[in-house]
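The values are calculated or read from the model by the stated rules, or taken from the named source; none is laboratory data. Note that the coordinates shown come from a computational prediction; the quantities given were computed from them, not determined experimentally. Every residue, glycine among them, receives a Cβ derived from its backbone with ideal geometry; neighbour counts consider all protein chains shown.
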Amino acid sequence: MYLTREELQTRVRELGRELARDYAGREPLLVAPLKASFVFLADLSRAVAIPHGVDFLELASYAAGADSGGHARIRLLKDLDTELAGRHVIVVEDVIDTGLTLNYLCKTLSLRDPVSLAAVTLLDRPYRRLVEDLPVRYVGFTVPDELFVGYGFDLEERYRNLPDLHVLES
Amino acid sequence: MPDFQAYRGQEPPRFANRAELECAKVLDYYGVPWQYEPTTFVLEEDEDGRIVEAFKPDFYLPEQDLYVEVTVMKQSLVTRKNRKLRKLRERYPDVRVKLFYKRDIERLAERYRLELAS
């Protein structure tokens, strides 16, 4: 086991307090890319004790794009239901490593005229970053270069429901 | 060869191995502009000014101003490459370069299901 449910909850509550303090009176919108971040978002949302919105989007995975044949580009499988103009937007990520996904998301969401755009991530691997200029304002845990399951992270769609975070042995 | 859309070079890239091709495909998928081996950095010259050692990183990401070198060698065999990288950083301290090791590529492969067999 890498992080217990208690350690996860403690840190998520801290992040929630930071967000509530920084966004007081601004009613931010929490935007979560499906699927792995849904558990983190659910806990984080309940820890942010100010009015805020929640919305989801889904990006086509690289593997799915490559499998489809032809030349693949990242695209939205599910778009947001909420207008972003005039909103303070916080992207809620499960993990950031190369930063390629978040870079695409930030470019795409910025075109919709939010007042501000920031990101919170449960896990971070900053040493693997290819894109540095990202608005990562809040980090739960900086983690080693391991694969994880539990707390939303899956192995072929299994184990997302585990309450603790486990290192996947290769 | 895929029809790369984020490629910003002049000549069609000729990749040295499958890992480089797969990295290019990932960059292209995410719309990150990239060039392939655009710059040769001189690391050492002899007394007559002839180049005796140089380093040409595999990728350059212009939006990030970052060079990326991909190596599929085992960690234990990358000493020479690490030494070159150290010399590059000493001689060109303003150049940002990142080495992607075999382990990093394998992690990318696990996450993106890349084809690295050949």
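Could you name every one of the helices (runs of 4 or more DSSP H) located completely within the range A:27-126 that has at least 3 residues being small (Gly, Ala, Ser) and either touching a Lys or Arg at 6+ places or on another chain (Cβ under 9 Å) or more than 26 Å from B:LEU61 (Cβ to Cβ) (or both)?
Answer list for the range A:27-126: A:38-47, A:62-67.
Return yes or no: is A:LEU168 within 11 Å of chain B (Cβ to nearest Cβ), farther than 29 Å from B:PHE59 by Cα and in contact with a strand residue (DSSP E or B) (Cβ under 9 Å, 6 or more places away or on another chain)?
Details: within 11 Å of chain B (Cβ to nearest Cβ): yes; farther than 29 Å from B:PHE59 by Cα: yes; in contact with a strand residue (DSSP E or B) (Cβ under 9 Å, 6 or more places away or on another chain): yes.
Yes: the conditions hold for A:LEU168.
Condition first: closer than 23 Å to A:PRO163 by Cα, hydrophobic (A, V, I, L, M, F, W, C) and either modelled with pLDDT under 95 or surrounded by fewer than 21 Cβ atoms within 10 Å (Cβ to Cβ) (or both). Can you find one or more residues in the range A:59-73 that meet it? Before you say what the answer is, go through the steps one by one.
Step one: of the range A:59-73, the residues closer than 23 Å to A:PRO163 by Cα are none.
Within the range A:59-73, none of the residues are closer than 23 Å to A:PRO163 by Cα, hydrophobic (A, V, I, L, M, F, W, C) and either modelled with pLDDT under 95 or surrounded by fewer than 21 Cβ atoms within 10 Å (Cβ to Cβ) (or both).
May I ask you to list the residues in the range A:79-88 that are hydrophobic (A, V, I, L, M, F, W, C), farther than 13 Å from A:PHE56 by Cβ and either in contact (Cβ under 8 Å) with a residue 40 or more places away in the chain or within 14 Å of another protein chain (Cβ to nearest Cβ) (or both)?
Across the range A:79-88, the qualifying residue is only A:LEU84.
Just need a number here: residues in the range B:25-47 that are in contact with a strand residue (DSSP E or B) (Cβ under 8 Å, 6 or more places away or on another chain) and either among the basic types (Lys, Arg) or free of Cβ contacts under 8 Å to residues at least 12 places away in the same chain (or both).
The qualifying residues number 2.
Look through A:ASP94, A:ASP22, A:ASP43 and report the one residue that is within 14 Å of chain B (Cβ to nearest Cβ), surrounded by 15 or more Cβ atoms within 10 Å (Cβ to Cβ) and modelled with pLDDT of 95 or more.
Exactly one of A:ASP94, A:ASP22, A:ASP43 is within 14 Å of chain B (Cβ to nearest Cβ), surrounded by 15 or more Cβ atoms within 10 Å (Cβ to Cβ) and modelled with pLDDT of 95 or more, namely A:ASP94.
Can you tell me which residue is farthest from the chain's Cα centre (by Cα) among those in the range B:50-91 that are part of a loop (DSSP other than H, G, I, E, B) and at pLDDT 90 or above? Full working, then the answer.
We begin by selecting, within the range B:50-91, every residue part of a loop (DSSP other than H, G, I, E, B); these are B:50, B:56-58, B:62-65, B:71-74, B:78.
If we keep only those that are at pLDDT 90 or above as well, we get B:50, B:56-58, B:62-65.
Numbers: B:ARG50: 24, B:LYS56: 8, B:PRO57: 4, B:ASP58: 3, B:PRO62: 13, B:GLU63: 15, B:GLN64: 14, B:ASP65: 13 Å.
Result: B:ARG50.
Give the residues of the range B:10-24 that are assigned to a helix (DSSP H, G or I) and either touching a Gly at 6+ places or on another chain (Cβ under 8 Å) or touching a residue at least 40 places away in the same chain (Cβ under 8 Å) (or both), sorted by residue number.
Answer for the range B:10-24, where residues must be assigned to a helix (DSSP H, G or I) and either touching a Gly at 6+ places or on another chain (Cβ under 8 Å) or touching a residue at least 40 places away in the same chain (Cβ under 8 Å) (or both): B:ARG18, B:ALA19, B:GLU20, B:GLU22, B:CYS23.
Which of (1) of a type in the set (Val, Ile, Thr); (2) closer than 30 Å to A:LEU105 by Cβ; (3) touching a Phe, Trp or Tyr at 6+ places or on another chain (Cβ under 7 Å) does B:VAL32 not meet, given it meets every other one?
Result: B:VAL32 fails condition (3) only.
Among the listed residues A:ARG137, A:ARG160, A:ARG125, A:ARG73, which satisfies the condition of being in contact (Cβ under 8 Å) with a residue 12 or more places away in the chain, of a type in the set (Lys, Arg), at negative phi and within 11 Å of chain B (Cβ to nearest Cβ)?
Just one listed residue meets the conditions, A:ARG125.
Which residues, taken from the range B:25-39, are more than 12 Å from chain A (Cβ to nearest Cβ) and either in contact with a Gly (Cβ under 6 Å, 6 or more places away or on another chain) or farther than 15 Å from B:LEU99 by Cα (or both)? Walk me through it before giving the result.
So in the range B:25-39, the residues more than 12 Å from chain A (Cβ to nearest Cβ) come out as B:35-39.
Of everything in the range B:25-39, those that are more than 12 Å from chain A (Cβ to nearest Cβ) and either in contact with a Gly (Cβ under 6 Å, 6 or more places away or on another chain) or farther than 15 Å from B:LEU99 by Cα (or both) turn out to be B:GLN35, B:TYR36, B:PRO38, B:THR39.
I need the full set of residues from the range B:40-64 which are surrounded by fewer than 19 Cβ atoms within 10 Å (Cβ to Cβ), over 22 Å from B:ALA16 (Cα atoms) and within 13 Å of another protein chain (Cβ to nearest Cβ), in order please.
Result: B:GLU63, single match.
If A:GLU14 satisfies every condition in (1) of a type in the set (Asp, Glu); (2) free of Cβ contacts under 8 Å to residues at least 60 places away in the same chain; (3) surrounded by 14 or more Cβ atoms within 10 Å (Cβ to Cβ) but one, which is the exception?
(3)
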